[in-house]
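The values are calculated or read from the model by the stated rules, or taken from the named source; none is laboratory data. Being a predicted model, the structure only gives us computed values, none of them experimental. Cβ atoms come from the backbone with ideal geometry, glycine included; neighbour counts cover every protein chain shown.
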Amino acid sequence: EVQLVESGGGLVQPGGSLRLSCSASGFTVSSNYMSWVRQAPGKGLEWVSVIYSGGNTYYTDSVKGRFTISRDNSKSTVYLQMNSLRAEDTAVYYCARVWADTGTFPFDYWGQGTLVTVSS
Amino acid sequence: QSALTQPASVSGSPGQSITISCTGTSSDVGAYNYVSWYQQHPGKAPKLIIYDVSNRPSGVSIRFSASESGNTASLTISGLQAEDEADYYCTSYTSSSSSWVFGGGTKLTVL
């Protein structure tokens, strides 16, 4: 059974840093595309970042240069390092697997999310 | 990249059908079969209900169907049930930028 479990969220001051983790089970992280999607309180979903099976990484414009996605294949874990955090980064962050075999890249499995609050 | 356009809300009575539209551009919705749809109940993670424009993952009710014409995709829910009350999001992958764009979401109210 595929499972994604996020952790690492919390309260952080503006300008601070936080690292989110997504622990995966039931499949091989290194062979899949893994993504982060966030949702600000009361708002819609926003794609944040992806790491492809080959290691290429991509980001939405608003986090480029501040966020870094990575993975540890031995731990089946995907990370999102978030630096220079801003109030507008406040959101629930979801880890999601990309169903790359379809060739159309929907997000087929999601974690339960972890809340990041940026506030002084 | 601009968000896809969805109506903020739709409503229907039990047993009725509703349709939610999702409008993008020729670079995303109109580019290929990249559109997928998600259902999100309050406090829960999104759930994939449609992919490749009109395909349902295993276990998703046949009451959910979808289509696409030009730069607009549509999700139809037939035989509305109380449990369908949720937020619905469309999204499209954009191959030119290896990114995804979501619609703003549509709140479905079952009257």
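Evaluate the range B:60-71: report whether one residue or more is touching a Lys or Arg at 6+ places or on another chain (Cβ under 8 Å), within 11 Å of another protein chain (Cβ to nearest Cβ) and without any contact (Cβ under 8 Å) to a residue 60 or more places away in the chain. No, the conditions are met nowhere in the range B:60-71.
Taking every residue in the range B:4-16 that is under 20 Å from residue B:100 (Cβ atoms) and touching a residue at least 40 places away in the same chain (Cβ under 8 Å) and pairing it with any residue that is surrounded by 13 or more Cβ atoms within 10 Å (Cβ to Cβ) and aromatic (Phe, Trp, Tyr), at least 6 positions away or on another chain, the pairs with Cβ-Cβ distances below 7 Å are B:4/B:102. Of B:80, B:48, all but one fail to be among the aliphatic types (A, V, I, L, M), at negative phi and touching a Gly at 6+ places or on another chain (Cβ under 6 Å); the exception is B:80. Mind listing whichever residues of the range B:18-42 are crowded, with 24+ Cβ neighbours inside 10 Å, within 11 Å of chain A (Cβ to nearest Cβ) and of a type in the set (A, V, I, L, M, F, W, C)? Passing the criteria: B:35, B:37.
Out of A:77, A:68, A:102, report the one residue that is at pLDDT below 95 and surrounded by fewer than 20 Cβ atoms within 10 Å (Cβ to Cβ). Give the derivation first.
On the way: A:77 fails: at pLDDT below 95; A:68 fails: at pLDDT below 95.
Testing whether each residue is at pLDDT below 95 and surrounded by fewer than 20 Cβ atoms within 10 Å (Cβ to Cβ) leaves just A:102.
In the range B:30-48, how many are in contact with an Asp or Glu (Cβ under 9 Å, 6 or more places away or on another chain), touching a residue at least 40 places away in the same chain (Cβ under 8 Å) and outside any loop (DSSP other than H, G, I, E, B)? Residues flagged as in contact with an Asp or Glu (Cβ under 9 Å, 6 or more places away or on another chain), touching a residue at least 40 places away in the same chain (Cβ under 8 Å) and outside any loop (DSSP other than H, G, I, E, B) within the range B:30-48 amount to 5. Pairs linking a residue in the range B:87-111 that is within 10 Å of chain A (Cβ to nearest Cβ) and without any contact (Cβ under 8 Å) to a residue 24 or more places away in the chain to a residue that is part of a strand (DSSP E or B) and surrounded by 19 or more Cβ atoms within 10 Å (Cβ to Cβ), with Cβ atoms under 6 Å and 6 or more positions apart or on different chains, are B:100/A:47; B:100/B:91; B:100/B:93.
Against the condition away from chain A (no Cβ under 14 Å) and in a strand (DSSP E or B), how does residue B:76 come out, does it pass? Yes. Which members of the range A:27-43 meet the condition of being crowded, with 17+ Cβ neighbours inside 10 Å and within 10 Å of chain B (Cβ to nearest Cβ)? Passing the criteria: A:33, A:35, A:37, A:39.
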